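**Q** The following block contains the structure, expressed as structure tokens.
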């Protein structure tokens, strides 16, 4: 009976039951010309709760009608994916036929959007068939403010400058990433390389011909080597050399195996990452079109499963957004060179979170059976696995029984301890700065980087919409009610999306240090907790700025922070 009542409520609340067609859809579905009707469309179709059966029936009925009208000539709906958690189908069909489906099944549909293209993010390639000459050195004692680094050849193996820049060697006595699985969504991996620990490699084939253990593109192998190149006497050493790599190959076609994929392919791949037990997802890829469905997926991985997703900011040398990097739940990574300067190609915008080495970076060369013919690439693609690997070092040491909190703490630690470059504080080129593993490790060890999520309160308390107390914030928390109805039925001057915490509204009722985990320029000892003692705020609060802020600006106890 409860399900029946809920179904009736949903039907009664559905504005489309009165003939309105107000769900979001692509521009071509509303304004496209008849000439476009024969073009192929590839879309996400989000259905309303329990409406998947009705939607699928409408697809089947349209297929049957078209086949009867033109036997053997009609094009059927091709359902590429069904994502149950997102209540979404991915469908390919002529645009005209998709328009007919949107009209016929409008009572079942909550959202239709294009499935945008995703591509690898790599600058023009430079391949070095043999190692360059370098002095043999084992010095890895880098000062916090050091800005210039070089590739080192140590006992026959390259330690790329990026490994040193992100402070991996300082962390290795305490963590090498052992036991942590990093899922690399890319062009596959050359499993036969002697520069990987074979037992640490796994993956999922995405078809009978697209095998995770092959990589004709070379891109995925290069990124994986930056994360977990074996620590031995050949090739390169990775940032987290004992981490496990789980490879999902989404790029495979084209003349070199580097052709594009789709956002739906990333969603499917990320589900495989989740099933494999990955803590980190590394995506050296992107595209210009945003997707609500794709964003919801990565938000769910972060908030519900404690999985940190990291992606390339893009190589367009512009302020354009690249996705999935520019979603809030994904860390967007810019690229710097060996002198800690921003790369000329690196995209810059308000979604960039952090920077890492990405210019002329050495790593494993797919197809090389010796391990010594290393490959040099540039791009935010190369910066991304540095951040993913630093996260693996930290997850290996600081994971607890609460993965949802772990991912918040580790992301926060990497951001607040990054080496500030460019404009003081966070900026659009470097984000919070260059990722530094040892700084983050120390901050987490001291407890200074444990992020306390702010408490959200519905505003006003006890809000319900214009149709009465039944439709409270608790009702909106069910299924996709926020997405479907959250901007309608305002009451007390607010819609559910403004009033309810579950819909992203409400108010934060506590002060949060900003940035969380702040400490002054003299190190983690002098955190907001230290300033809370005695008269430290009054005496020192306007001095010793770090991360672009003094204690009086950053710490709640000193009157700063975010309210």
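**Q** Could you list 253, 480 in order of exposure, starting from the residue whose Cβ has the fewest other Cβ atoms within 10 Å? Numbers along the way, then the final one.
**A** Numbers: 253 11, 480 18.
Starting with the residue having the fewest Cβ neighbours, the order is 253, 480.
**Q** Compute the long axis of helix 403-416 from its Cα atoms, compare it with the longest principal axis of the Cα atoms of the chain, and write down the angle in degrees, 0 to 90, nearest 10.
**A** Helix 403-416 and the main axis of the chain meet at about 50 degrees.
**Q** From the square roots a ≥ b ≥ c of the eigenvalues of the alpha-carbon gyration tensor of region 292-337, which class results: rounded (a/c under 1.5), prolate (a/b over b/c), or oblate? The partial results should precede the final answer.
**A** Values: a/c = 4.08, a/b = 1.83, b/c = 2.23.
Oblate, because a/c is 1.5 or more while a/b does not exceed b/c.
**Q** Compute the FRET efficiency between residue 178 and residue 30 as 1/(1 + (r/R0)^6), taking r as their Cβ-Cβ distance and R0 = 60 Å, and round to the nearest 0.05.
**A** Values: r = 53 Å, r/R0 = 0.89.
Using R0 = 60 Å, I get an efficiency of 0.65.
**Q** Roughly what angle does helix 2-13 make with the longest principal axis of the chain, taking Cα atoms, 0 to 90 degrees, to the nearest 10?
**A** 80
**Q** Only helical DSSP H runs with n ≥ 4 go in: add -39500 (n - 2.57) per run for the chain, normalise by residue count and round the 222 nm mean residue ellipticity to 500 deg cm²/dmol. Don't jump to the answer; show the numbers that get you there.
**A** Values: 18 runs with 160 residues, N = 563.
That comes out to -8000 deg cm²/dmol.
**Q** Let me ask you something else. Take the alpha carbon gyration tensor of region 351-453, find the square roots of its eigenvalues, order them as a ≥ b ≥ c, and report rounded if a/c is under 1.5; if not, report prolate when a/b exceeds b/c, else oblate. Don't jump to the answer; show the numbers that get you there.
**A** Details: a/c = 2.69, a/b = 1.47, b/c = 1.83.
Oblate, because a/c is 1.5 or more while a/b does not exceed b/c.
**Q** On the Cα set of region 456-508, report Rg and Dmax in Å, please.
**A** When restricted to Cα atoms, region 456-508 yields Rg and Dmax of 9.2, 26 Å.
**Q** Sort 496-504, 277-285 by the packing proxy (mean of other Cβ within 10 Å over each peptide's residues), most packed first.
**A** Values: 496-504: 20.8, 277-285: 28.3.
Descending packing order for the listed peptides: 277-285, 496-504.
**Q** Here's another thing I want to ask about it. Using Cα-Cα distances under 8 Å and only pairs 6 or more residues apart, what relative contact order does the chain have, in percent? List each step's numbers first, then the result.
**A** On the way: 1345 pairs, mean separation 68.1, N = 563.
Normalised by residue count, the contact order of the chain is 12 percent.
**Q** Could you work out how far the C-alpha centroid of region 253-274 sits from that of region 391-462, in angstrom?
**A** 29
**Q** For a quick protection proxy, order the peptides 548-554, 444-450 by their average other-Cβ count within 10 Å, most packed first. The partial results should precede the final answer.
**A** Details: 548-554: 21.9, 444-450: 19.4.
Averaged packing, sorted descending, gives the order 548-554, 444-450.
**Q** While we're on this one: Would you list 555, 183, 217, 223 from fewest to most Cβ contacts within 10 Å?
**A** Working: 555 27, 183 30, 217 22, 223 36.
The fewest-first ordering by Cβ neighbours comes to 217, 555, 183, 223.
**Q** Given the C-alpha centroids of region 349-381 and region 80-97, what is the distance between them in whole angstrom?
**A** After rounding, the separation between the Cα centres reads 35 Å.
**Q** Moving on to the next point. Using mean Cβ contacts within 10 Å as the protection proxy, how do 78-87, 387-396, 162-171 order, highest first? If you can, show how the numbers build up before the last one.
**A** Values: 78-87: 15.1, 387-396: 30.0, 162-171: 25.4.
By packing density, highest mean first, the sequence is 387-396, 162-171, 78-87.
**Q** Additional query: Name the shape class, rounded, prolate or oblate, that the alpha-carbon gyration tensor gives for region 170-446, where a ≥ b ≥ c are the square roots of its eigenvalues, rounded holds for a/c under 1.5, and otherwise prolate holds if a/b is larger than b/c and oblate otherwise.
**A** Working: a/c = 1.23, a/b = 1.15, b/c = 1.07.
Here region 170-446 falls in the rounded category.
**Q** For region 456-508, what does the relative contact order come out to in percent, with C-alpha contacts under 8 Å and a separation of six or more?
**A** Working: 92 pairs, mean separation 23.0, N = 53.
It rounds to 43 percent for region 456-508.
Read-outs throughout are calculated quantities, based only on the coordinates presented, and are distinct from any laboratory measurement. As the structure is a prediction and not an experimental result, all values here were calculated from the model. Cβ sites come from the backbone with ideal geometry, for glycine too, and all protein chains shown count toward neighbours.
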